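**Q** This is the structure, below, for whatever I ask next.
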Amino acid sequence: MNMGDEIVKKNKYEIDMCNGSIMDKLISFSLPLMLSGILQLMFNAVDIIVVGRFSGSQALAAVGSTTALINVFTNLFIGISLGANVLAARFYAAGKDREMSDTVHTAVTLALVSGIVMAFVGLIFSRWALELMGTPDDVIGQSALYMKIYFLGMPFFMLYNYGAAILRAVGDTKRPLIFLVISGVVNAVLNLILVIMFHMDVAGVAIATVISQLISCILVLRCLRTSKTSYQLHFGKLRINIIYLKQIFQVGIPAGIQSTVINLSNALLQSSVNSFGSTAMAGYTAANNIFGFLYVAVNSVTQACMSFTSQNYGVGKWKRMDRVLIDCLILSFVAMMILGNSAYFFGPKLLTIYTSNSKVIQCGMEILLYTTVTYFLCGFMDLFPGALRGMGRSGVPMILSIIGTVGTRIVWIFWIFPNHRSLDILFISYPASWIITIVLQVICYYFVRKQLYAKMRAEA
């Protein structure tokens, strides 16, 4: 009997990734994840809409200008949570309960420590980093205030993300969705109260975000604490096991570095947009929000690919891993063709949600043209490293992503853009970098897969 056949679902929320049909399970896994991401962004969009409508375009630019920077600060640790996801999925599929438990407690402890570290980093370096990015003087005071308050919620943010990563590892994407709905509604209500009633502007938005993060954190920890499974959380057992920490880092740190460096290139891009003034900044903020909805759709399929690959890798189902990747490529392409083209087609209407300024809308549409219609390329670019991480191979995909994505954008920003200064030219760098990275990742995947199959034949 294949080890994978022994896996039984412990509760109704889990998905058996190692047996039966694949596409319907991928959709069942991805859809709640996609909805979670979309809801998260909708609640973030409420932040931006409330600020833009009730506090003016300066406050809108202030909140928007922090996005890329916050991502730079946080994405390393969020990337590391992928390592916890891969390791937990592998142990869970193989029925290794003790190893699973140690992984859970190591991951949650790591989340708490990294969250506290991030809170201090954000408080100390926020203003300096904003100055480094060339944030205009009329915006920087509000931007720095927003970031400092936002970073106070980092421990809650990290604990939620690592807790959700463990639940994803066992195929449970539904409960994190429920937790986000609850915390997001609280966030939206608090936004309206603090900004409109108490006129707290960007500070009100940031406080609402921190409180909602605290709620989602409590809910996910309670879920892990009360589950009667190998991933049950015992607060008395919270400690870092070096063996599992190393394995989490093995996958997670390259993923985190990749994400951080790509967000550094986005921050660089933000600096180039800043040079066009606050109208272009507001247009980019609004377009970036729409752009974010596409990213979470792509990312949910990538997460599915990684979790399914990891479980099947854990039980030695190699052929099924190939099928998972093919089905994910199909799913990602279909989703992006629908969502990407819809985002551009309805772009003018969507942008009016954020602002009524016609010049801001025009800037936003220029950006959307090059980033939404071609977004299926980004989906392909993400899937191959996702599959490789599921196999525990994270280092080389990281290097290739950095070379392909960041390298192309740096060349673009410093050599092409200065000679042709326009938003059009600036944002063509997106599809250009995706195509180059896809080519590199496909070559890498081919050689890793070849190596794994050779290893499998040798062991047979």
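**Q** Quick one: net charge of S394's neighbours, Cβ under 14 Å, K/R +1, D/E -1?
**A** Values: positive: R90, K246, R389, R393; negative: D382.
Residues near S394 contribute +3 overall.
**Q** Any idea how far apart F235 and V189 come out in nm if each label point goes 7 Å out from Cα toward Cβ?
**A** A separation of 2.5 nm, rounded to one decimal place.
**Q** Sticking with this one: With the dipole of the stretch 21-459 worked out from charges on the C-beta (+1 for Lys and Arg, -1 for Asp and Glu) around the Cα centre, which of V406, Q451, G115 lies farthest toward the positive end?
**A** It is Q451, whose Cα lies furthest towards the positive end.
**Q** Another question, then. With helices defined as uninterrupted DSSP H runs, which ones in the chain have an alpha carbon span along their own long axis of at least 30 Å and mean Kyte-Doolittle hydropathy of at least -0.5?
**A** Numbers: long enough: 23-55 (45 Å, 1.25); 67-93 (37 Å, 1.30); 97-132 (49 Å, 0.92); 201-226 (39 Å, 1.58); 242-274 (45 Å, 0.76); 278-314 (51 Å, 0.39); 318-345 (41 Å, 0.96); 429-459 (45 Å, 0.44).
Those that clear 30 Å and a mean of -0.5 are 23-55, 67-93, 97-132, 201-226, 242-274, 278-314, 318-345, 429-459.
**Q** Follow-up question, since we're still on this one. Summing +1 for each Lys or Arg and -1 for each Asp or Glu, what net charge is found among the other residues whose Cβ lies under 11 Å from the Cβ of A89?
**A** Working: positive: R90, R168, R389; negative: none.
Neighbourhood net charge equals +3.
**Q** Excluding S259 itself, what net charge comes from residues whose Cβ is under 12 Å from its Cβ, given Lys and Arg +1 and Asp and Glu -1? If you can, show how the numbers build up before the last one.
**A** Working: positive: R389; negative: D382.
Counting the neighbours of S259, the net charge comes to 0.
**Q** Okay, next question. Relative contact order for the stretch 120-183 using alpha-carbon pairs under 8 Å, separation at least 6, rounded to a whole percent? Spell out each step's value before the answer.
**A** On the way: 24 pairs, mean separation 19.2, N = 64.
Reported as a whole number, the value is 30 percent.
**Q** For D424 and R323, FRET efficiency with R0 = 45 Å and r from the beta-carbon atoms, rounded to 0.05? Walk me through the numbers on the way to the answer.
**A** Numbers: r = 40 Å, r/R0 = 0.90.
That gives a FRET efficiency of 0.65.
**Q** In the stretch 187-217, whose amide N lies under 20 Å from the spot 7 Å out along Cα-to-Cβ of L123? List them in ranges.
**A** What the label zone holds, given the 20 Å backbone N cut-off, is 203-215.
Quick note: the coordinates plus some simple rules give every number you see, no bench work behind them. Only a predicted model underlies this, so the values are computations on that prediction, with no experimental measurement involved. Counting neighbours? That spans all protein chains shown, and the Cβs are built from the backbone with ideal geometry, glycine included.
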